[in-house]
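Here is the structure we will look at.
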Amino acid sequence: MSLKIKELSKAFGEHVAVNQLTLEVEKGQVFGLLGRNGAGKSTTIKMILGLVKPTAGFITWNGQSIETSRVSIGYLPEERGLYTKSKVSTQLAYFGKLEGMSSKEADKAIDNWLERLEISEYKHKLVSDLSKGNQQKIQLIATLLHNPELVILDEPFSGLDPVNANLFAEVIREEIEKGKTVILSSHQMNLVESFCDEVCLLKKGKAVVQGSLKAIKDQYEFKDLVLDVSEEVKNELVKGEIGFVENKHEIRIKIRSESEALSILNQLLNVGVTLTQFKMLQPTLQEIFVEKVG
Amino acid sequence: MKKFFYVFWFHFRESVLSKVSIITGTVIFFIMIAFFGISHGLSQNEKEVRATIIEEQSEVYQLDRSQLNELEGEVSFTFRPINELDTARAEVEAGDMDQVLVVQETNGVPFITHIYEENRHLDMVSMVSHLLQQMYLEQVLIEDEISPAVAERLLMPIEVLDEPIRSPEAMMQSFLVYYVFGFALYMLIITFGQAIATGVVSEKSSRVMEVMISKVKPIWMMFAKVLAVLGNAIVIVLIGCCGVLVAFLLGWLDLSRISIFGAGVDLSVVGTEVVMAAIIFFILGYFLYGMMFAAVGAMCSKMETLQTMSMPITILVMIPFFMGMFASDTSLLMQISSYIPFFTPFVMFNRLIANETHLIELVISMVLMVISIIIVGFFAARIYVNGVMYYSEKTSFKDIKRLLKR
């Protein structure tokens, strides 16, 4: 089972929000859909959900058009969408029934999820009486309640405190372990890195980088060479006209290859500089993101 | 279909149990009880008019007490001599007496002085004046030696045969019944139509719409929502009826004494066909306007925009409501308007009460309304489907055209 997007485009008047996007998400895979605000992530998600009709291209699930495939989707929207004047239990049961659950199944699942997310005491409260973080938990329950095959999470961690962000991360990991196919859109690159197998970086509706995270990092032109912070190291780098960035604990130098790193090492050792740290790091997703779409 | 039912039930339950509905229902329930209770209380407190008749000593003009019995229960009479006139006047001024009639005579011609504080009791005055007129005539006949036969011929009243096609009373009755129905329909359409539009806008602005339309087809959502709000309207009307029932059980409901603006309402005008037509016109009118409100709600992203956008519909409801009240039931304007589906619920109903329509006309107007509901429903659904995912600060005619096309 896989989600395939082929040459997908969406234009709003003269503005092209998504331009010839092609990608594939395999079953059980976690796919990161990344990009700056307005890059076309939400429009792509809305087209997958059938909320927005594409101008061109098509989306299939397991070889069948997604509109007719009857795939069960759980969607967590970027801007939370709940009936604030409804009770938590009533609303979740309503969403569950709309996804084909019986009242009994829905009630049981609601109790389990409320307990899992540590908010059982709010079962009979109005959504408007809950804190923002707890409302987000309810939204996550509404997304996962009916055990969907495809989970689409649009900025799932925004506005969460670190404890709740960890709880959300745990829950998402559990869903991944259950074999769910997940599409994740987020600006928190460290979390995307920790979850995603494949990513797609969008810029003005077009995919600028796409593929497995490892391959993308391997192919990335620059790597980071990390050295100790010391005056003699800095002086030698300045003498050798080597650009570097200094922070509190280390000096970072952008290098293109291992030979370039060895050449810097030799240069420093030849003048008798003492080094306690010399390591080459792969670029972070954040760096690639800034480089490619910044 | 199951999903349609879930959406309907959720919105019906939520709207019936909402604070606004509970407060509205409670207020209407107590207003109904209070209305009939107050009417009942006032009717209980209606006292007999206290009247004093003061007669000057006269051999001819002495009122026959027994003839005044006709006003028994309405007026209680006391008779006093002329020397108590000042006392009686003082009693009226002090509020201890309501009316004083002083019967006097000048040159053999009787006259009446009517002393009262604010309200004249016309029936009493005309009865006393009529009795004195009779006495005066008899006196003239005797004095001038006119034979009874001549007198009879002279006094023969010209008969007026009253054959009104539509009496002013009947017109007043139809106006009053229309006023009650028209006002109720107007209020229900505006209040609950706005509730539909507000519900859609709040779903859009809270983005719950995005979650919903990935689960249910927007068209189902629209019809389920319109139906749910109608259900809520019916519940509130039934709560009002419960208030009337309570008033009835308390013995406060006197159908013969119901009045609007001080005019008594003759409920015999309201037959089964009028009640049936009222229900049908309410449901058809509600659907027609309700779907328009839903479409308008789908076009707006903010509550502030909704007020401006829904104004044309509000005006469209106001026009036929006021036409029904102020235009002549028989005018060509009313006849034509009664076939315009947006006006039909008000204007045709008005013509029905005024007895100015035939069954076939009613049926035609209802069929036209059903056709219009289907057409409006088609376009409203199109706007709704495209509009629920449309977010814009302002909505121009160009946008509406685009929403209809997409």
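Rule-based calculations on the coordinates, nothing more; no lab input. Predicted, not measured: the structure shown is a model, and the values here were computed from it. Quick reminder, even Gly has a Cβ in these numbers, built from the backbone with ideal geometry, and neighbours come from all protein chains shown.
Here are the numbers:
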quantity: 10 Å Cβ shell holding at most 16 others, DSSP loop, GluC sites (Glu not before Pro): longest site-free stretch of chain B; calculated: B:160-392
quantity: The range B:192-210 versus the range A:1-71: alpha-carbon centroid distance in Å; calculated: 27
quantity: Efficiency of FRET between A:N62 and A:K132 - r from beta-carbon atoms, R0 22 angstrom, step 0.05; calculated: 0.05
quantity: Acute angle (nearest 10 degrees) that the helix B:359-387 long axis makes with the longest principal axis of chain B, alpha-carbon atoms; calculated: 40
quantity: Percentage, to the nearest whole number, of Cα pairs in the range B:108-234 over 23 Å apart; calculated: 69
quantity: Highest-fluctuation residue, B:L185, B:L154, B:L85 considered, GNM on chain B with Cα pairs under 10 Å; calculated: B:L154
quantity: Pairs of lysine residues in the range A:221-293 - Cα separation under 23 Å, sequence separation of 8 or more or cross-chain; calculated: 15
quantity: Packing-based exposure ordering (other Cβ within 10 Å, fewest first) of B:C242, A:C200; calculated: B:C242, A:C200
quantity: Estimated FRET transfer efficiency (B:T272, B:L333; beta-carbon r; R0 41 Å; 0.05); calculated: 0.90
quantity: Residue mean of other protein chain beta carbons inside 10 Å, A:95-107; calculated: 2
quantity: Taking chain A and dividing mean pair separation by its residue count, relative contact order in percent (alpha carbons under 8 Å, at least six apart); calculated: 21
quantity: Residue-averaged 222 nm ellipticity for the protein assembly as shown, from DSSP H runs of 4+ at -39500 (n - 2.57), nearest 500; calculated: -17500 deg cm²/dmol
quantity: Euclidean distance between Cα centres, the range A:197-274 to the range A:128-142, Å; calculated: 42
quantity: Of B:F175, B:F248, B:F326, the one that fluctuates the most in a GNM where chain B has Cα springs shorter than 10 Å; calculated: B:F326
quantity: Net charge contributed by nearby residues that have their C-beta within less than 12 Å of B:G297 (K/R +1, D/E -1); calculated: +2
quantity: Cα centre as origin, Lys/Arg/Asp/Glu Cβ charges: chain B dipole, Debye; calculated: 5580
quantity: Point-charge dipole on Cβ atoms (K/R +1, D/E -1) for the range A:1-65, about Cα centre, debye to 20; calculated: 140
quantity: Degrees, to the nearest 10: B:19-44 long Cα axis against longest axis of chain B; calculated: 10
quantity: Other protein chain Cβ atoms within 10 Å, averaged over every residue that makes up B:203-210; calculated: 6
quantity: In nm, spacing of pseudo-spin labels at A:N247 and A:V290 (7 Å Cα→C-beta vector); calculated: 0.9
quantity: The protein assembly as shown - charge dipole about Cα centre, Lys and Arg +1 at Cβ, Asp and Glu -1, debye rounded to 20; calculated: 5960
quantity: With Cα atoms, 0 to 90° folded angle of helix B:344-353 axis to chain B main axis; calculated: 30
quantity: Loop-located trypsin sites (Lys or Arg not before Pro) in the range A:152-186, at most 13 other Cβ atoms within 10 Å (DSSP); calculated: A:K178
quantity: Nitroxide proxy distance, nm - points 7 Å out along Cα→Cβ at A:K239 and A:S2; calculated: 5.5
quantity: The protein assembly as shown - share of DSSP beta bridges that are antiparallel (%, nearest 5); calculated: 60
quantity: Shielding by partners - mean other protein chain Cβ count within 10 Å, residues of A:78-88; calculated: 5
